[in-house]
């Protein structure tokens with residue numbers, strides 16, 4: 001991304017943050033900020049083959065592809081010639097999927113297929129039946145089907161090539177059939193444990209109070225910053241689903257943490273509304289060094305038996321812009337900080353360096369996270 005693109009992305013990010021920080025904190029449904037213990041997905045993984053490629057599969061540099069193909073054909077009753085070492089129409093792949101909570105046998109889930117060899121493209125290929133296993137080594141699903149890739153790759157004999165997106169990764173929508181499930185049941189439980197996606201003591205206390213105020217017969221208490229324990233009334237133990245649905249629809253106002261997120265690769269800055277700056281002075285200047293190369297041709301004199309030479313010529317130009325000193329008052333909001341820094345001509349990329357320096361000086365009451 002060019003500097004112009006980074007600056008544009010940063011400006012858009014700051015405008016969105018300032019627009020959101022104008023109003024007060026908004027409430028959210030409990031189901032959007034928390035989940036009940038046991039309501040989680042599980043990752044699955046498997047190793048398989050993609051066939052039907054048009055000479056874009058693995059070659060001799062990936063012998064495990066040949067071994068896998070030989071074993072597959074042998075299990076199907078086909079005797080292989082052991083001297084066969086390659087076939088460019090097949091590629092070895094890793095297959096990943098996510099087993100949702102409360103899924104049932106026969107349901108289908110999406111799978112992602114990624115090449116592990118030196119195949120140039122998986123376009124047009126079909127994944128052969130691949131068992132997907134969980135961390136316990138048991139098979140939970142079987143994946144198979146034609147791949148859909150979001151890119152392409154083409155090359156010529158001269159070595160030139162063109163590629164778009166990633167042709168070595170494909171997706172099969174509903175490509176895996178669930179064969180085994182992980183039993184999860186809330187029926188008959190005397191208590192439920194609600195887990196916050198972002199642990200926070202204030203949010204946990206507000207959530208417990210919101211549940212108790214809306215359902216007085218249910219005792220809810222915050223165990224720690226990340227979990228609320230809900231005692232299920234005896235009348236609801238046979239119909240816990242209704243209680244879970246009622247709790248999930250309640251609204252609570254999550255507490256906002258003062259945090260500044262900086263992505264130096266794209267120049268994006270995201271700041272929370274609770275960020276405060278202590279009194280400090282900021283001076284920022286730019287030093288530009290420009291180096292140009294303009295080689296010239298030196299011709300020998302007539303009859304001198306000399307040769308034509310290319311003589312390098314280097315030009316160096318140094319330019320330093322004047323730094324502006326700005327004083328930032330204590331307790332100001334992040335919107336006022338950005339407005340003041342923009343007033344002294346700081347670009348979004350300059351703001352990244354300035355905010356890092358303010359944090360290092362101890363003048364920023366917020367967590368600075370660089371990604």
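Is it the case that residue 300 is more than 25 Å from residue 369 (Cα to Cα), modelled with pLDDT under 85 and assigned to a loop (DSSP other than H, G, I, E, B)? Judged against the criteria, residue 300 is a match.
Which of (1) part of a loop (DSSP other than H, G, I, E, B); (2) within 13 Å of residue 169 (Cα to Cα); (3) at pLDDT 90 or above does residue 92 not meet, given it meets every other one? If we test residue 92 against (1) part of a loop (DSSP other than H, G, I, E, B); (2) within 13 Å of residue 169 (Cα to Cα); (3) at pLDDT 90 or above, just (1) comes out false.
Using the structure shown, decide if residue 106 is in the same structural domain as residue 146 (by TED's automatic domain parsing), assigned to a loop (DSSP other than H, G, I, E, B) and at pLDDT 90 or above. So residue 106 fits the description; yes. If you filter the stretch 234-254 down to residues that are in a loop (DSSP other than H, G, I, E, B) and modelled with pLDDT of 90 or more, you find that the one that is surrounded by the most Cβ atoms within 10 Å (Cβ to Cβ) is 254.
The values are calculated or read from the model by the stated rules, or taken from the named source; none is laboratory data. Treat the numbers as computed from the prediction; the structure is a model and nothing was measured. Backbone-built Cβ (ideal geometry, glycine too); neighbour counts: all protein chains shown.
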